[in-house]
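To keep things clear, I will list the structure first and then write my remarks on it.
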Amino acid sequence: MFIQFRFKAKVTRVLEDEFGYSPNQFDKQTLAKVCRLAKSESLNEYDAAVIFMVTQLKQIQSRNIVGNEVVPTTASFVKAQIGNLSRLLNSRKLTREIVDHELAGTVGELRTAFS
């Protein structure tokens, strides 16, 4: 339990430092699931943060499109996060497993959906 709590704290720190995103009460369950999955797959805190943000962006994509137009504040948030994801993809902070898992394609899909 303590190890899981520590890992979640590391993931939260990466989310805050790399994405400027502080998970709130509504994110609690998703974050816990992502952390469990990442630990079971021997992924690091950067990988978990990326998985979490992709999950959040996919949820935003499915909820915030109004009449085929994205709400402007949502679009700017998503574009900033896509930039952060792209930057992390090019860093050496992610494990090879997460980079090889079609992450670039997912980021590309999100970029297209919100452009």
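When the residues of the stretch 10-28 are filtered to those that are under 16 Å from THR95 (Cβ atoms) and not hydrophobic (A, V, I, L, M, F, W, C), the one that is surrounded by the fewest Cβ atoms within 10 Å (Cβ to Cβ) is LYS10.
Limited to the stretch 74-109, what total is found for residues that are within 16 Å of PHE19 (Cα to Cα) and modelled with pLDDT under 80? Final tally of qualifying residues: 3. The residue that is modelled with the lowest pLDDT, counting only those in the stretch 34-73 that are over 18 Å from PRO23 (Cβ atoms) and among the aliphatic types (A, V, I, L, M), is VAL66. Within the stretch 6-60, the set of residues being in contact with a Ser or Thr (Cβ under 7 Å, 6 or more places away or on another chain), of a type outside the set (Asp, Glu) and more than 25 Å from THR73 (Cα to Cα) comprises VAL34, LEU43, ASN44.
Quick one: how many residues across the stretch 29-47 are surrounded by fewer than 11 Cβ atoms within 10 Å (Cβ to Cβ) and assigned to a helix (DSSP H, G or I)?
Adding up the residues that qualify gives 2.
The values are calculated or read from the model by the stated rules, or taken from the named source; none is laboratory data. The shown structure was predicted, so the numbers you read here are calculated from the model rather than taken from an experiment. Here Cβ is always computed from backbone atoms with ideal geometry, including for glycine, and neighbour counts include all displayed protein chains.
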